Amino acid sequence: MPVFDFTSAPENPPKSECTYTIFKSNESTVSPSQPILLLANDERKWSHHSCGIFTNPTKRTAFEFKEDGGTVSADILKIDARFVNLLQWLGENHINVRLSGENREEGYAVYKIRETAFGGGTKLSAEDGFLQFMIERLLASSAPADAVEDEDHEETGDNMKLTSLQSITDFMTCAGRTLPDNIRLWARRNLAVARSHEVSPEEKRHAQRALSVMMNIQWKNNYFESIDPQKARQILDEELYGMEQVKQRIIETIIQINRTHTLPAYGLLLVGPAGTGKSQIAYAVARILKLPWTTLDMSSINDPEQLTGSSRIYANAKPGIIMEAFSMAGESNLVFIINELDKAAAGKGNGNPADVLLTLLDNLGFTDNYIECMIPTVGVYPIATANDKSQISAPLMSRFAVIDIPDYTPEEKKIIFSQYALPKVLKRMSMGENECMVTADGLDAIIEIYKDTTGIRDLEQAAEHIAANALYQIEVNHVAEVTFDENMVRALLT
C-alpha cells in the first residue's frame, strides 16, 4: 500500500491577527451567560439576530455584519475552545450565517449560529444541516485537553449521518482536538486512502465505510454527572419487588459514581435462576445511568469474529457486533448487557468468544478488525447475567462484582402476582381491576401449580391467561366481572 504524507503544509503559513482568547467549557447547552463566543460591542450594539460571515482567519479574527449601510466588522473577543476549528472553517469557506446573541457588558454573547439557506457558501455540507449537526456534536464534546484556559424556530441536525467524503472531511476539520488523538490520526489516514487513486476501489470503499462508522459516534470523556440516589431507588422500586440486597448494592455503585464522577472499575454480574428478573435489573441500571444500552447474547455467538469484525482484505468484510453497538448507540458511553455469560460457546475451532470480552471489560480500549483502531472503552459499563457462575472462566469473573439473585419465596410470589403481574396485564388490556379478580384460594392454587418453576415468568404468563379468559367471558357471556376461585384456576391452568 502506498505511503501517504499527512504533514505537508506551507513552510511559512500566513499569520492571522488573533484578537481572541480561548476559554474552556464542557457545558452541553448554550445561553447568553454561557455563549459560544463573544464579539466586541463597545462601539455599537448589535441586533439580536444578525447576518454576516466570519472573516478569513488569515486576515483578522472578526465577524463582518451585513447591514443596510454595508459591512461592519467586530473583533472576536473569546471563543469556546470546542468551536475554534468550526469558526475557522466557516471563515475560510465564506459561509453566510445568522447569529443569535445578546449585548452584555463583556460583549455580544453569541449563543446560536445557523447557516442562511443557500447563502452563497462554497461547501454543500454547510447547507444541508451540517452546521447544526456539528454544533450539537461539539456541545456534547469535552473541551480539548490542550486548550488554553482563560480568567424562534429550532433547527436540528440529529438525524444527519456523515456518509459522503465531503461531510466527513468537514466534520474532521471542525471537530479538531475534540476527537481523541488516536482517532483523529486514524481518520486522517483513512481519509487519505478513501481519496487515493493508487488503491483499489474496494479499499477505498472500506476506508469510507469505516470513517462513516467512526465519525458518527460521539466520543465522550469518562466524566459522569452525579445521580440522585433517591430517584435511582424509585426506579428500582418501580421495576423490582423486594431484592433489598440487590438494590442496596446498586445504590452503593451510584454513590461511588457520585464521589469519583467515573464508572466503577468492575461491572455487575447478576447470577440467579431463570426468570428472576436479571435482565430487568440491567435495564433499570441503564435507565438510572441515563445511558443507551445494547445487548450481547453470548449463547448465540459461536465465533469470535462475530464480536471483533472481519479484516478488510475480504470483499464482504464488516465491523463486529461490539463496534456496531457503539454505532447504533451513537456514542462511546453505553451499557453493555451481556446475557447468558455462562453459555458462551467455545466456538468452532476459531477461539472462545468469551475471551474477546476481556479487552472490552478492561477499560484499556477495544480494537475491531475491520475498523483497525483502538476505541476508548472507559465509558462502557458492562452488566452480565448468568444462571450458573461455575461455568464462567476465572479471568472473566474477576472483571465483575458478583450479585447473587435469589429465587422468590411463595409469599413473595403471591404479592408479585396480585400487586404487580395481574394489575400490569389488566392495564395493558384496558380492563378494570374489578373486571378480573382472584380469590385467596385461587391465588394459593396458582402458586402451587408453579411451585417447581423458578422466577416469575410463569406467573406473568398465568396472569395473561387469566385476564384473557376473563375478557372473553365479559365480551361473549356479557357478564360485568369474573372472579377466579381455586376450581376455576385449576381448570384453566392445568
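The values are calculated or read from the model by the stated rules, or taken from the named source; none is laboratory data. Because the structure is predicted, anything quoted here is derived from the model rather than measured. Ideal geometry is used to build each Cβ from the backbone, glycine not excepted, and the neighbour counts take in all protein chains shown.
Considering only residues that are outside any loop (DSSP other than H, G, I, E, B) and either among the aromatic types (Phe, Trp, Tyr) or not assigned by TED's automatic domain parsing to the domain that holds PRO273 (or both), which ones fall in region 368-389?
Passing the criteria: only TYR381.
Would you be able to tell me the number of residues in region 243-265 that are surrounded by 15 or more Cβ atoms within 10 Å (Cβ to Cβ) and assigned to a loop (DSSP other than H, G, I, E, B)?
3
Output the number of residues of region 101-115 satisfying the condition of being of a type in the set (Asp, Glu) and either in contact with a His (Cβ under 8 Å, 6 or more places away or on another chain) or not assigned by TED's automatic domain parsing to the domain that holds SER73 (or both).
Summing the residues that are of a type in the set (Asp, Glu) and either in contact with a His (Cβ under 8 Å, 6 or more places away or on another chain) or not assigned by TED's automatic domain parsing to the domain that holds SER73 (or both) in region 101-115 gives 1.
Of the residues SER279, SER310, which single one is within 13 Å of LEU341 (Cβ to Cβ), surrounded by fewer than 22 Cβ atoms within 10 Å (Cβ to Cβ) and more than 16 Å from the chain's Cα centre (by Cα)?
None of the others qualify; the one that does is SER279.
Find the helices (runs of 4 or more DSSP H) located wholly in region 273-355 whose residues include 1 or more that are farther than 22 Å from VAL213 by Cα and among the hydrophobic types (A, V, I, L, M, F, W, C), and list them.
Passing ranges, in order: 278-289.
Residues VAL246, VAL213, VAL199: which one is modelled with pLDDT under 90 and among the β-branched types (Val, Ile, Thr)?
VAL246
Go through (1) at pLDDT 90 or above; (2) surrounded by 16 or more Cβ atoms within 10 Å (Cβ to Cβ); (3) assigned to a helix (DSSP H, G or I) one by one and return the number of the condition GLN473 breaks.
(2)
Quick one: how many residues across region 136-148 are modelled with pLDDT of 85 or more and of a type in the set (Asp, Glu)?
Number of matching residues: 1.
Residue by residue through region 295-304, note down the ones that are over 10 Å from ALA344 (Cβ atoms) and either crowded, with 18+ Cβ neighbours inside 10 Å or not assigned by TED's automatic domain parsing to the domain that holds GLU372 (or both).
Within region 295-304, just PRO304 meets the criteria.
Within region 197-226, track down each residue that is touching a strand residue (DSSP E or B) at 6+ places or on another chain (Cβ under 7 Å) and polar (S, T, N, Q).
Correct list: GLN218 only.
Which count do you get for residues in region 29-79 that are buried (at least 17 other Cβ atoms within 10 Å of the Cβ) and among the small types (Gly, Ala, Ser)?
Total meeting the criteria: 5.
Please verify whether region 441-454 includes one or more residues that are among the aliphatic types (A, V, I, L, M), touching a Leu at 6+ places or on another chain (Cβ under 6 Å) and either assigned by TED's automatic domain parsing to the domain that holds LEU289 or assigned to a helix (DSSP H, G or I) (or both).
Within region 441-454 (the criterion being among the aliphatic types (A, V, I, L, M), touching a Leu at 6+ places or on another chain (Cβ under 6 Å) and either assigned by TED's automatic domain parsing to the domain that holds LEU289 or assigned to a helix (DSSP H, G or I) (or both)), the answer is yes, since at least one residue qualifies.
Quick one: how many residues across region 371-387 are surrounded by fewer than 22 Cβ atoms within 10 Å (Cβ to Cβ) and more than 22 Å from TYR283 (Cβ to Cβ)?
Residues in region 371-387 being surrounded by fewer than 22 Cβ atoms within 10 Å (Cβ to Cβ) and more than 22 Å from TYR283 (Cβ to Cβ): 5 in total.
Conditions tested, residue by residue: (1) farther than 29 Å from TYR223 by Cβ; (2) at pLDDT 90 or above; (3) outside the structural domain of ARG184 (by TED's automatic domain parsing); (4) hydroxyl-bearing (Ser, Thr, Tyr).
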site	(1), (2), (3), (4)
TRP89	no, no, no, no
ALA117	yes, no, no, no
SER125	yes, no, no, yes
MET134	no, no, no, no
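On the basis of being assigned to a helix (DSSP H, G or I) and either at pLDDT below 90 or of a type in the set (A, V, I, L, M, F, W, C) (or both), does ALA463 make the cut?
yes
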